[in-house]
Amino acid sequence: MSVPLLQIALDNTTLSGALKSAKAVGNEVDIIEAGTILCLAEGMEAVRCLRALYPDKIILADTKCADAGGTVAKMCADAGADWMTVICSATIPTMKAALKEVKELQVELYGDWTFEHAKAWKEAGITQAVYHQSRDALLSGKTWSDSDLNKIKKLTEMGFKVSVTGGLEIDTLKLFKDIDVFTFIAGRSIRDAENPDKAAKEFKEEIAKYWR
């Protein structure tokens, strides 16, 4: 298994706050995400600023696009995003249109998706998926389960590069130690830490314990 990447999710509500967070951890993480909340609050200017600050990092626009895939993806690419996300309920034509404009497309897994859907995404040329525990689910008391882990394993066996996100803390990373996780996506646990740079380093140290 390859060593998972570390991604910071910038779901700040202001561009100034996002840039402050990015500067605190940008040198430690592999991927910098303009989160959905940030994209809604500040638009593609957030992506442009992150690209200007970090010309050598992977920049992701977490649009969770549901329609107009080609148009949205071109906006993201023109602003400097390498990757973009689409919601799993988007149609295959929407996904294919988006995939033409960005280097890689991620399908965000929410709700009642199936492995038949996943097969269709793979056939459409999509290689990345993001497995979530949603913020609202976590607030309602849900945690990572064997069912979640088995679904992630099956997606990797289908050939997807699977990123994992949703309330990740350092002590939860070991739950995934037997899975070929592509990226761990952390938001508040790094962004809102007293020392974000130190928190990001600790995440990477913990990842190195289980993936070599």
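Compare the peptides 175-183, 153-161 by average per-residue count of other Cβ atoms within 10 angstrom and give them in order, highest first. Present the calculation step by step, with values, prior to reporting the outcome.
Numbers: 175-183: 18.8, 153-161: 15.6.
Per-residue Cβ counts within 10 Å, averaged per peptide and sorted highest first, yield 175-183, 153-161.
On the accessible surface of the chain, probed at 1.4 Å, how many percent belong to carbon and sulfur atoms? Intermediate results must be reported in sequence, preceding the final value.
Numbers: 4980 of 9920 Å².
Within the chain, the accessible surface is 50 percent carbon and sulfur.
What accessible area per residue, rounded to a whole number of Å², is obtained for the chain using a probe radius of 1.4 Å? It would help to have the intermediate numbers written out before the result.
On the way: 9920 Å² over 212 residues.
For the chain, the per-residue accessible area is 47 Å².
Output the relative contact order of segment 1-74, whole-number percent, from Cα pairs under 8 angstrom with separation of 6+ residues.
Working: 96 pairs, mean separation 22.3, N = 74.
Once divided by the residue count of segment 1-74, the mean separation gives 30 percent.
Given the options Ser189, Ser16, Ser89, state which has the largest fluctuation in a GNM of the chain using a 10 Å cut-off (strictly under) for Cα springs.
Between Ser189, Ser16, Ser89, it is Ser16 that shows the largest mean-square fluctuation.
Provide the packing ranking of 112-124, 19-31, i.e. peptides ordered by the mean count of other C-beta atoms within 10 Å per residue, highest first.
Details: 112-124: 13.2, 19-31: 18.6.
Put in order of decreasing packing, that is 19-31, 112-124.
Multiply the residue separation of Ser89 and Asp146 by 0.36 nm, subtract the distance between their alpha-carbon atoms, and state the gained length in nm to one decimal. Intermediate values should be presented prior to the final figure.
Values: separation 57, 0.36 × 57 = 20.52 nm, distance 2.41 nm.
In short, 18.1 nm is gained.
Out of Ala129, Ala77, Ala66, any idea which swings most in a Gaussian network model of the chain, alpha carbons joined below 10 Å?
Ala66
Debye calculation, C-alpha points only, no solvent: report log10 I(q)/I(0) for segment 91-212 at q = 0.11, 0.17, 0.23 Å⁻¹, in the same order as the q values.
The calculated log intensity ratios at q = 0.11, 0.17, 0.23 Å⁻¹ are -0.41, -0.94, -1.36.
With an 8 Å Cα cut-off and a minimum separation of 6 or more residues, compute the relative contact order for the chain in percent. Mind showing how you got there, number by number?
Working: 394 pairs, mean separation 46.5, N = 212.
Value for the chain: 22 percent.
Before rounding to the nearest 500, sum -39500 (n - 2.57) across all DSSP H runs of length at least 4 in the chain and divide by the residue total; then give [θ] at 222 nm in deg cm²/dmol. Spell out each step's value before the answer.
On the way: 10 runs with 91 residues, N = 212.
Calculated mean residue ellipticity at 222 nm is -12000 deg cm²/dmol.
With +1 on each Lys and Arg Cβ and -1 on each Asp and Glu Cβ, and nothing else charged, work out how big the dipole of segment 53-151 is about its Cα centre, in Debye to the nearest 20. All intermediate terms of the calculation are to be shown ahead of the outcome.
Numbers: 11 positive and 14 negative charges, 19 e Å.
Here segment 53-151 has a charge dipole of around 100 debye.
Among the listed pairs Lys20/Lys201; Lys154/Lys204; Lys122/Lys151; Lys151/Lys209; Lys64/Lys174; Lys100/Lys161, which are separated by more than 21 Å between their Cα atoms?
On the way: Lys20/Lys201 17 Å; Lys154/Lys204 25 Å; Lys122/Lys151 16 Å; Lys151/Lys209 23 Å; Lys64/Lys174 28 Å; Lys100/Lys161 19 Å.
Listed pairs above 21 Å: Lys154/Lys204; Lys151/Lys209; Lys64/Lys174.
Report, ordered by chain and residue number, the aspartates and glutamates lying within cross-link reach of Lys177, taken as a straight Cα distance under 15 Å and ignoring same-chain residues fewer than 8 apart.
Of all the aspartates and glutamates, those that pass the test against Lys177 - Cα under 15 Å, at least 8 places apart if same chain - are Asp146, Asp148, Glu169, Glu205, Glu206.
Any idea how far apart Val3 and Arg188 come out in nm if each label point goes 7 Å out from Cα toward Cβ?
Computed distance between label sites Val3 and Arg188 equals 3.0 nm.
If contacts are Cα pairs under 8 angstrom and at least 6 residues apart, what is the relative contact order of segment 37-101 in percent?
On the way: 90 pairs, mean separation 23.0, N = 65.
Across segment 37-101, relative contact order equals 35 percent.
Accessible surface of Arg48 in the full protein assembly, 1.4 angstrom probe, to the nearest 10 Å²?
110
Springs between alpha-carbon atoms under 10 Å, Gaussian network over the chain: tell me which of Thr91, Thr165, Thr36 tops the mean-square fluctuations.
Of the options given, Thr91 has the highest mean-square fluctuation.
The values are calculated or read from the model by the stated rules, or taken from the named source; none is laboratory data. Small disclaimer: the values here were computed from a predicted structure and weren't measured. Using ideal geometry, Cβ is built from the backbone for each residue, glycine included, and neighbour counts are taken over all protein chains shown. Please note that ligands, DNA and RNA were not included when accessible areas were found on the heavy atoms of the full protein model with its side chains. Shrake-Rupley method; radii C 1.70, N 1.55, O 1.52, S 1.80 Å.
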